[in-house]
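Laboratory data are not the source of any read-out in this text; all were calculated from the coordinates shown. Model, not experiment: these values are computed from the prediction. FYI the Cβ positions are ideal-geometry reconstructions off the backbone, even for glycines, and counts take in every protein chain you see.
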Amino acid sequence: MRVGDWVLIEKSGEIIPKVLKVVESKRTGAEKRFAFPKKCPVCGGRISRPEGEVVARCVAADCPAQLKARLLHYASCRAMRIEGLGEALADQLVERRLVRDVADLYKLDLETVSGLERMAEKSATNLLAQVEASKSRDLPQLVFGLGLRHVGERTAAILARAFRSLGRLGAASVEELDAIPEIGLTVAESVHDWFNDEGNRGLCARLAAAGVGTELAGGACVEEDERFAGKLFVLTGRLESMTREEAAAAIEARGGRVTSSVSKKTAYVVAGEEAGSKLDKAKALDVTVLSEAGFKEMLGA
C-alpha cells in the first residue's frame, strides 16, 4: 500500500473498515512508498514493530508523546472522565514536567494549574474538582484508563468484575486470567506482564495512596438473574435513559454477556432509537427484540 492509493474496503463485523486490497489499476505513478520511521519522531527512542503486527511503537519509557497519550486516555470520558483535561493542557503538564504519570494528576494544586496558559482560577478550580471526582469512578473505568495493551473497555469490565479489586487483578496468574471467559491467553499474558512490571505496580500503589478507588463498586451487589445468566445480548441504536456502556454493565452484572453481532445464539437484541441492520438481522433470525422500555422492565428499573 502506498500514499495516494485507492483501496477496496469492507465493513468487518458490520462496522470496522477493513482494507481488502489495493486497486492497482487506479495507480498514476504519483503514489509514494511509505517508510516506517526507525526512530520515534518525538523523543528519538527506538521503535519496535513485532513480526506479524501492524503497529510500530516507541519503546522509550520516558517518551513525552506516550505520556501525553496516557494522560488523555486516562482522562477520557470512557475511562476516568476528567473533563477539561484536553490536549493543550496535557502538553503543558508534560512539557513543564508537572506530571510523570497519571498518579501525579492528584498532586496538582490550584496555584500550579491556574498559572498555566489559558487556565484562569475558575478553570483551574473546575479541573481540580474533576480530578477529585475521578477518585470515585468504578473499577472497570480505572482498569481501562490504565491503558493495558489488548485491554479495551469491555475486557476491562470483564476483568474488574472477575477480580473485584485492582490488587487481586494484579496478583492473578496467567492461568487464572486465561480461565476467565472471553479473555484468552494473549490478553492474560499482557495483563500479567503489565502488573509484573515494578513501575506499574508502583503506579497502582500511588493511585491508591491518592485516594483513587481500587475496589469494584458499581454492580458489585447485583445478584445473578436467571433471565440474564449465560444469555447473549446485542445492543443497537441509541438508548435514552442510559449509555451503551451502562446497559452492558447492567447485563454483565446479572450474569449475561454482550456481543457485537447478532447470530442464532443471541438471546435478546435491545433496540433503541435509530437501530440499524442488527435489528433487521434479529427479526430475520427470529431473535427476541426488546425495546428500551422492555429492557428496563427486565432490569427492574
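Taken along the Cα-to-beta-carbon direction at a fixed 7 Å, the label points for I9 and L110 span 4.8 nm. Sites listed here are trypsin sites (Lys or Arg not before Pro) in the stretch 250-296 whose DSSP assignment is loop and whose Cβ has at most 14 other Cβ atoms within 10 Å: K264, K265. Beta bridges per DSSP, both residues in the stretch 232-299: antiparallel share near 10 percent. Roughly what % of DSSP beta bridges within the chain run antiparallel, to the nearest 5? Antiparallel: roughly 55 percent of the beta bridges in the chain. Mind checking which of A90, A253, A171 has the largest fluctuation in a GNM of the chain, springs on alpha carbons under 10 Å? Looking only at A90, A253, A171, the largest GNM fluctuation is found for A171. In the chain, a dipole from Cβ-located charges (positive for Lys and Arg, negative for Asp and Glu) runs towards its positive end, and of G213, V54, S114 it is V54 whose Cα lies farthest in that direction.
Among the GluC sites (Glu not before Pro) in the stretch 101-173, which ones are in a DSSP loop with at most 12 other Cβ atoms within 10 Å of the Cβ? Mind listing them? When the GluC sites (Glu not before Pro) of the stretch 101-173 are filtered for loop state and at most 12 Cβ neighbours within 10 Å, E117 remain. From the square roots a ≥ b ≥ c of the eigenvalues of the alpha-carbon gyration tensor of the stretch 235-295, which class results: rounded (a/c under 1.5), prolate (a/b over b/c), or oblate? Here the stretch 235-295 falls in the oblate category. The HN-Hα couplings worked out from phi for the stretch 76-88 by the Karplus form 6.51 cos²θ - 1.76 cosθ + 1.60 (θ = phi - 60°) are 5, 5, 8, 10, 8, 6, 9, 5, x, 8, x, 4, 4 Hz, whole numbers, x standing for Gly and Pro. For the stretch 62-149, applying the loop criterion from DSSP together with a ceiling of 10 other beta carbons within 10 Å to the trypsin sites (Lys or Arg not before Pro) yields R97, R118.
Compute the Cα gyration tensor for the stretch 170-272, then decide on rounded, prolate or oblate, letting a ≥ b ≥ c be the square roots of its eigenvalues: rounded whenever a/c is under 1.5, prolate when a/b is larger than b/c in the other cases, and oblate in all that remain. Since a/c reaches 1.5 and a/b is larger than b/c, the shape of the stretch 170-272 is classed as prolate. Residues of the stretch 244-284 falling in the label zone of R238, defined by backbone nitrogen less than 13 Å from a point 7 Å along Cα to beta-carbon, are 244, 272-276.
Mind checking which lysines have their C-alpha under 18 Å from K21, skipping anything on the same chain fewer than 8 residues away? Hits, sequence-local ones excluded: K11, K32. Ordering A88, V174, F233 by Cα displacement along the dipole of the chain toward the positive end leaves A88 in first place; charges were set at the Cβ atoms of Lys, Arg (+1) and Asp, Glu (-1). In this structure, L185 and T125 have a Cβ-Cβ separation that, at R0 = 35 Å, corresponds to a calculated FRET efficiency of about 0.15. Taking other residues whose beta carbon is less than 11 angstrom from the beta carbon of V7, and scoring Lys, Arg as +1 and Asp, Glu as -1, yields +1.
Calculated [222 nm] ellipticity per residue, helices only, for the chain: -11000 deg cm²/dmol; basis is -39500 (n - 2.57) per DSSP H run with n ≥ 4, divided by all residues, nearest 500. Between their Cα atoms, which of K26/K264; K265/K296; K18/K135; K68/K265 are more than 30 Å away from each other? Violating the 30 Å limit, Cα to Cα: K26/K264; K18/K135; K68/K265. Specify the residue with the greatest mean-square fluctuation among V174, V262, V55, computed from a Gaussian network of the chain linking alpha-carbon atoms under 10 Å apart. In this elastic network of the chain, the residue with the biggest mean-square fluctuation among V174, V262, V55 is V55. Taking a ≥ b ≥ c as the square roots of the Cα gyration tensor eigenvalues, the stretch 2-56 comes out oblate, since a/c reaches at least 1.5 and a/b does not exceed b/c. Working note: Karplus 6.51/-1.76/1.60 with θ = phi - 60° gives the stretch 107-122 the couplings 9, 5, 10, 4, 4, 5, 5, 5, x, 7, 4, 6, 10, 5, 4, 5 Hz, where Gly and Pro are set to x. Taking amide hydrogens as placed 1.01 Å from N in the peptide plane, the amide H of R81 sits under 5 Å from those of S76, each at least 5 positions away in sequence or on another chain.
Placing +1 on the Cβ of every Lys and Arg and -1 on the Cβ of every Asp and Glu, with nothing else charged, gives the stretch 151-278 a dipole about its Cα centre of roughly 320 debye. Among A61, A35, A250, determine the one that fluctuates most according to a GNM of the chain built with springs between C-alpha atoms less than 10 Å apart. With Cα springs under 10 Å in the chain, the top fluctuation among A61, A35, A250 is at A35.
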